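Okay, so here's the structure we're looking at.
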Amino acid sequence: MTIMAAVPVKDLVNAKQRLVSVLEPAERHDLAAAMLEDVLDAMEAAGNLALRLVTRDPEVLALAGRRGIVCLTESMNRGHTEAVAFAQAEAARLGFAGFLTVPGDVPCATPDEVRALVATLEGGAGVAFVPSLSGLGTNAALLAPPDAMPLKFGEPSFANHLDGARGRGITPRVLALSGLGLDIDAPEDLRLLLARGAHTRAGRLCRAHGIAARLASG
């Protein structure tokens with residue numbers, strides 16, 4: 001099954017506002033960039049995905065050019081849900097058999113996790129979701145065909161997506177995956193990143209900036 005995999009990125013400069021108590025603006029920017037590259041590393045290493053970045057950010061567009069990744073450029077920044085819908089429609093228009101979307105802030109995602117998610121729908125139609133660690137958000141969504149159902153993000157999107165699938169007569173498949181499930185939004189997420197993702201670009205950046213000591217000092 002040929003799958004388009006979309007990673008929406010609004011912008012790096014204003015990313016991660018919930019981390020203002022821990023990180024300076026330049027550090028938040030650098031963390032967002034490092035996390036995005038971690039996600040792209042995992043997606044590319046998983047193989048057999050038509051990877052797309054959904055963005056208008058010039059820096060992300062340049063990154064995509066360096067990595068040879070195709071970009072889908074919206075006419076304006078309208079939010080995560082709208083960016084995913086834009087990519088979904090493009091996947092359907094181009095005739096992809098499936099559509100996968102993952103956010104750019106799950107640096108502990110692994111190629112094996114991505115492959116395991118894709119394998120849930122091999123050879124057939126359906127939908128599959130990876131919840132956030134809280135169980136409230138949706139950190140990955142896989143649909144075959146791409147327009148199997150609309151997606152809407154923001155808590156409690158996970159429960160809403162399950163209900164939405166069932167309302168269309170589709171039995172959703174759920175995979176709880178620790179890497180994909182960890183999105184970095186709040187200081188407590190940084191603690192988990194330092195504990196679980198020391199090997200990632202984002203984890204190394206946090207160590208270099210002494211984030212563990214800042215978290216410990218409150």
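Read the figures in this text as sums done on the coordinates, not as results from a lab. It should be emphasised that the depicted structure is a prediction, and the values quoted were computed from it without experimental measurement. Here the Cβ is made from the backbone with ideal geometry for all residues, glycine too, and neighbour counts use every protein chain on show.
Based solely on its DSSP helices, what 222 nm [θ] is calculated for the chain when runs of n ≥ 4 H residues each add -39,500 (n - 2.57) and the sum is averaged over all residues, nearest 500 deg cm²/dmol?
Numbers: 9 runs with 94 residues, N = 218.
My calculation for the chain gives -13000 deg cm²/dmol from helical runs alone.
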Could you grab the relative contact order for the chain? Cα pairs under 8 Å, six or more apart, rounded to a whole percent.
24
The chain: antiparallel bridges as % of DSSP beta bridges, rounded to 5, reads 40
Rounded if a/c is under 1.5, else prolate if a/b is larger than b/c, else oblate: which is the range 109-175, with a ≥ b ≥ c the root eigenvalues of its Cα gyration tensor?
oblate
The answer for GluC sites (Glu not before Pro) in the range 75-119 that fall in a DSSP coil and have at most 12 neighbouring Cβ atoms within 10 Å is none
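With a sphere of radius 15 Å drawn around the Cβ of Thr55, what net charge do the other residues whose Cβ falls strictly inside it have (Lys, Arg +1; Asp, Glu -1)?
Numbers: positive: Lys10, Arg52, Arg56, Arg66, Arg67, Arg78; negative: Asp11, Glu37, Asp57, Glu59, Glu74, Glu82, Glu90, Asp105.
Net charge around Thr55: -2.
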Have a look at Ala144, Ala83, Ala176 and tell me which one the Gaussian network model of the chain (Cα, springs below 10 Å) gives the largest fluctuation.
Ala176
Please find the FRET efficiency linking Ala195 to Lys152, where r is the Cβ-Cβ separation and R0 is fixed at 30 Å, and quote it to the nearest 0.05.
0.45
Over the Cα atoms of the range 1-63, Rg to Rh with Kirkwood Rh, two decimal places?
1.04
Report, in whole Å, the centroid distance computed from the Cα atoms of the range 140-218 and the range 75-104.
18
Add +1 for every Lys or Arg and -1 for every Asp or Glu among the other residues with Cβ under 12 Å from the Cβ of Pro111, and state the total.
-4
Just flag the trypsin sites (Lys or Arg not before Pro) in the range 58-164 sitting in loop per DSSP whose Cβ has no more than 16 other Cβ atoms within 10 Å.
Arg78, Lys152
Starting with the fewest neighbours, write out Met4, Met43 ranked by other beta-carbon atoms found within 10 Å of each beta-carbon.
Met43, Met4
So for the pair Leu61, Thr171, with labels modelled 7 Å out along Cα→Cβ, what separation do we get in nm?
4.6
